[in-house]
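Structure first, commentary second.
The values are calculated or read from the model by the stated rules, or taken from the named source; none is laboratory data. No experiment lies behind these values; they were computed from the predicted model shown. So basically every Cβ, Gly included, is an ideal-geometry build from the backbone, and we count neighbours across all protein chains shown. We work out accessible area using only protein heavy atoms, side chains counted, and drop any ligands, DNA or RNA first. Shrake-Rupley method; radii C 1.70, N 1.55, O 1.52, S 1.80 Å.
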Amino acid sequence: PSNFRGRGLVTYLELELSSAGTLIGEPDVLRSSGDPYFDDTAVAALISVRELPPPPRAGRLTFEFSSDEE
């Protein structure tokens, strides 16, 4: 959400992707941004998308979710 922009929040999530980019299960928060609502929003955003571009390799990956990215 736009109300987080400019706050410098970063959440690190671990997720599992298939070779096609399909999210398997739910992402896990590896490192919190310090704002539980932002962390929950990051997890919910990935769950709602369910499909990402195909990764270089299938499996567990770390994803950085930043409040300052456009």
Query raised in the report: Taking the condition under 13 Å from Ser67 (Cα atoms) and in a strand (DSSP E or B), does Thr41 pass?
Result: no
Query raised in the report: Mind checking whether some residue in the range 37-50 is over 23 Å from Asn3 (Cα atoms) and without any contact (Cβ under 8 Å) to a residue 60 or more places away in the chain?
Result: yes
Report task. Please specify each residue of the range 6-27 satisfying the condition of being assigned to a strand (DSSP E or B) and surrounded by 13 or more Cβ atoms within 10 Å (Cβ to Cβ). Result -> Val10, Thr11, Tyr12, Leu13, Glu14, Leu15, Glu16, Leu17, Thr22, Leu23, Pro27
Query raised in the report: What residue, among those in the range 34-53 that are open to solvent by less than 30 Å² (accessible area, probe 1.4 Å) and in contact with a strand residue (DSSP E or B) (Cβ under 6 Å, 6 or more places away or on another chain), is nearest to Leu9 (Cα to Cα)?
Result: Asp39
